[in-house]
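Enquirer: My questions will all concern the structure given below.
The values are calculated or read from the model by the stated rules, or taken from the named source; none is laboratory data. On a predicted model such as this, the values are computed, not experimentally measured, just so you know. Positions of Cβ are generated from backbone atoms using ideal geometry, with glycine treated the same way; all protein chains shown enter the neighbour counts.
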């Protein structure tokens with residue numbers, strides 16, 4: 001469902017605006033060689049004021065990807081780009097603003113559909129589909145300052161690193177089917 005943004009066309013008003021902005025920016029086409037996937041809160045309708053559009057990508061050459069992003073997006077408002085290590089993996093992150101949306105492009109050498117952001121999206125969508133009444137509780141916690149994964153873990157009573165615990169939970173309840181690797 002989330003590998004294309006077509007579902008946004010028929011979503012809530014913010015999702016429809018996101019679809020229009022991403023389509024005009026042509027970002028998914030520009031990044032098609034990197035398996036881009038829109039993740040985060042807007043796709044599942046639990047966004048709050050200031051929520052961004054997170055696009056994850058699979059990138060094997062971080063330096064070339066950084067140059068590509070600079071060439072395509074450096075003229076966008078508030079453009080910035082950084083190289084970091086996220087959970088032990090080299091990462092390129094670019095941020096900019098387009099049509100009122102903060103956009104974040106996140107690149108790692110992991111297939112997009114195996115990255116934590118995608119797994120969290122699938123698990124959170126599953127949880128909200130099974131328990132639609134949790135949506136307002138999650139949004140309330142987010143407006144109180146909680147990040148998305150910690151908000152879900154608080155409501156579900158999960159203790160520990162919320163990013164890892166949410167994936168473990170997703171495996172237990174059958175939302176995703178992967179093997180946990182020992183780190």
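Enquirer: Taking the criterion of being in contact with a strand residue (DSSP E or B) (Cβ under 6 Å, 6 or more places away or on another chain) and either surrounded by fewer than 16 Cβ atoms within 10 Å (Cβ to Cβ) or assigned to a helix (DSSP H, G or I) (or both), would at least one residue in region 123-130 satisfy it?
Expert: no
Enquirer: Report yes if residue 68 is buried (at least 17 other Cβ atoms within 10 Å of the Cβ) and without any contact (Cβ under 8 Å) to a residue 12 or more places away in the chain, otherwise no.
Expert: So residue 68 fits the description; yes.
Enquirer: I would also like to ask the following. Which residues, taken from region 1-34, are more than 25 Å from residue 75 (Cβ to Cβ) and outside any helix (DSSP H, G or I)?
Expert: Within region 1-34, 1, 2, 3, 4, 11, 12 meet the criteria.
Enquirer: Further question on the same structure: Check residue 86 against each of (1) more than 16 Å from the chain's Cα centre (by Cα); (2) over 22 Å from residue 2 (Cα atoms) and name the one condition it does not meet.
Expert: Residue 86 satisfies all of (1) more than 16 Å from the chain's Cα centre (by Cα); (2) over 22 Å from residue 2 (Cα atoms) except (1).
Enquirer: A follow-up question, please. Is there a residue being in contact with a helix residue (DSSP H, G or I) (Cβ under 9 Å, 6 or more places away or on another chain), surrounded by 13 or more Cβ atoms within 10 Å (Cβ to Cβ), modelled with pLDDT of 95 or more and in a helix (DSSP H, G or I) anywhere in region 92-101?
Expert: No, that holds for no residue.
Enquirer: Quick test of your reading of the structure: residue 33 fulfils all but one of (1) surrounded by 13 or more Cβ atoms within 10 Å (Cβ to Cβ); (2) out of contact with any strand residue (DSSP E or B) (no Cβ under 6 Å at 6 or more places or on another chain); (3) over 17 Å from residue 121 (Cα atoms). Name the failing condition by number.
Expert: (1)
Enquirer: Now, a different point. Could you check how many residues of region 3-19 are touching a residue at least 40 places away in the same chain (Cβ under 8 Å) and surrounded by fewer than 16 Cβ atoms within 10 Å (Cβ to Cβ)?
Expert: Qualifying residue count for the region: 1.
Enquirer: If you scan region 131-167, which residues turn out to be assigned to a helix (DSSP H, G or I), more than 28 Å from residue 105 (Cβ to Cβ) and free of Cβ contacts under 8 Å to residues at least 24 places away in the same chain?
Expert: Residues satisfying the conditions are 134, 136, 137, 140, 154, 155.
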